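Read-outs throughout are calculated quantities, based only on the coordinates presented, and are distinct from any laboratory measurement. This structure is a prediction, so every number in the text was calculated from the model and none was measured. Quick reminder, even Gly has a Cβ in these numbers, built from the backbone with ideal geometry, and neighbours come from all protein chains shown.
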Amino acid sequence: MTKLQNHILVLFASLTFVIIGCAQQQDNEKDNKNWVLGPFKKVDRVNPILKPDSSSTFEDPISHKIVHWEAKDVFNPAAVVRHDTLFLLYRAEDYVGKFNGTSRIGLAWSTDGLHFNRNPEPVIYPGNDSMKPYEWEGGIEDPRIVEAPDGMYYMTYTTYDGEVARLAVASSPDLRHWIKHGLAFEDAYDGRFKDTWSKSGAIVTKQKGQQLIAAKIDNKYWMYWGDTNIYAATSTNLKDWKPVLNDDGKLEIVIEPRKGNFDSQLVESGPPAMITKEGILLIYNSKNSADEGDPDLPNGTYAAGQVMLDANNPAEVLHRSDSYFIHPEKSYEITGQVNNVCFLEGLAPYKNSWFLYYGTADSRIAVAKSLE
Ligand SMILES: *[C@@H]1O[C@H](CO)[C@@H](O)[C@H](O)[C@H]1NC(C)=O
Ligand SMILES: *[C@@H]1O[C@H](CO)[C@@H](O)[C@H](O)[C@H]1NC(C)=O
Ligand SMILES: *[C@@H]1O[C@H](CO)[C@@H](O)[C@H](O)[C@H]1NC(C)=O
């Protein structure tokens, strides 16, 4: 072979390499485009959309004292559209008590998804009731909401007694008046998981217009939950849930943290999951570990990814995003009660866009919108 021929051969080999490389990259992008929801853009001109408000007061039914129930922080909202109005149910903390903050759930509404009015008092809160041992005095945290096929709303929320977080369920016909139904796992397997640390219940839904309606698969409702790994549970009535177990009788792990990645320390369900053409889409939150995670994200950063699960086997992952699609970068996302947090809990199809609501640094609430 002459020197020239040799050069041409090398050139051809490199070209082939480049072409194959491009094709692979395109495939990945195409794959992403096929199943990922979005892209989303943070709405900077209105964010953060909700901030703490020290003027709103309420008589706490346990202490009988007037408390400034949303004076310290507001964050981690659920979202739902009712009669063409978008509602947020959000976590609010006061400065009171041994934890320097009891959490309650406030209500806000909007007709553009960006500007909100808020109810002067919380709509669900610890009371002198059967849930008090679980809810006092940490409170009621991190709601997710779905609509049932009969029009009732079901909220999963975290009760916190100061030691253990337990997932609980409440329902409402109108988003204002709530009935507590107790712990989600109270009865399952003779109460075996009643005192298990549990959080973040994202029920599987199907979109119908501007609503996400709880949807059965094989005659059961499904929920993803957990804030270490993500686990699954099933229910026939949306109130009583049964964790999905593996062959060893342990909690079946559906999604695990990934070393070397943004989701290296923990994974945690985000907004309600949704059945799409490609499977069940779940947006999830995750925490980065400085020691074995993504070196470009600060230690402890909460960023969010997406995963697609098999609609015929909801515990089976089909696709998982390589990277995060939302992460803390604005000042109010970086600094707050807990630094470097974008925590996604509210997702609503509204006025021909997807609206995604999230807590920022456990202190404020912001919105991102899908591009039209
Ligand atoms: C809570 O309710 C019980 C009865 O259900 C009552 O005896 C008690 O006084 C109530 N406590 C407060 C602080 O209202
Ligand atoms: C309560 O929290 C606020 C804000 O996070 C902080 O400034 C204050 O010092 C805390 N108070 C106590 C008693 O810990
Ligand atoms: C990251 O944060 C955790 C606490 O969340 C801490 O234990 C660990 O030492 C931190 N790692 C680094 C490298 O700062």
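With each label point set 7 Å from Cα along the Cα-Cβ vector, what nm distance links E121 and T57?
Going by the 7 Å Cα→Cβ label model, 1.4 nm.
What does the helix-only formula give at 222 nm for the chain: each DSSP H stretch with n ≥ 4 adding -39500 (n - 2.57), the total divided by the residues, and the result rounded to the nearest 500 deg cm²/dmol?
-3500 deg cm²/dmol
As an exercise, use a Förster radius of 41 Å and the Cβ-Cβ distance of E329 and K351 to find the FRET efficiency, rounded to the nearest 0.05.
0.95
So if we plug the beta-carbon distance of K220 and I253 into 1/(1 + (r/R0)^6) with R0 = 22 Å, what FRET efficiency do we get, rounded to 0.05?
Values: r = 19 Å, r/R0 = 0.88.
Step by step, r from the Cβ atoms, then E = 0.70.
Residues of the range 166-188 with backbone nitrogen within less than 14 Å of a virtual label 7 Å along the Cα-to-Cβ line of W109, please, listed as ranges.
Residues 173-177 qualify, since their backbone N sits under 14 Å from the label point.
Nearest 20 debye, what's the magnitude of the dipole of the chain about its Cα centre given +1 on Lys and Arg Cβ and -1 on Asp and Glu Cβ?
On the way: 38 positive and 50 negative charges, 178 e Å.
That gives the chain a dipole magnitude of about 860 debye.
Considering only Cα-Cα distances, which of the following residue pairs are longer than 29 Å: K98/K242; K199/K369; K199/K330?
Details: K98/K242 33 Å; K199/K369 26 Å; K199/K330 27 Å.
Cα-Cα > 29 Å for K98/K242; rest within.
Put +1 on the Cβ of each Lys and Arg and -1 on the Cβ of each Asp and Glu in the chain; which of I365, F262, A184 then has its Cα farthest toward the positive end of the dipole?
Positive-end residue among those listed: I365.
Using a simple charge model, +1 on the beta-carbon of Lys and Arg, -1 on the beta-carbon of Asp and Glu, nothing else, what dipole does the range 134-280 show about its Cα centre, in debye to the nearest 20? Mind dumping the intermediate values first?
Details: 17 positive and 23 negative charges, 109 e Å.
Using only the charged Cβ atoms, the result is roughly 520 debye.
State the answer as a single residue: which of W222, Q207, P243 lies farthest towards the positive end of the charge dipole of the range 195-249, with beta carbon charges of +1 for Lys and Arg and -1 for Asp and Glu, about the Cα centre.
Positive-most Cα among the choices belongs to Q207.
Among P272, P149, P77, whose mean-square fluctuation peaks in a Gaussian network model of the chain (Cα, cutoff 10 Å)?
Most flexible of the set in this elastic network: P149.
Run the numbers on the chain and let me know its relative contact order in percent, using alpha-carbon pairs under 8 Å that are six or more apart.
Answer for the chain is 15 percent.
Calculated FRET efficiency, T85 and A290, Cβ-Cβ r, R0 56 Å, to nearest 0.05? Please report the intermediate quantities before stating the final value.
Numbers: r = 42 Å, r/R0 = 0.76.
Rounded to the nearest 0.05, the efficiency is 0.85.
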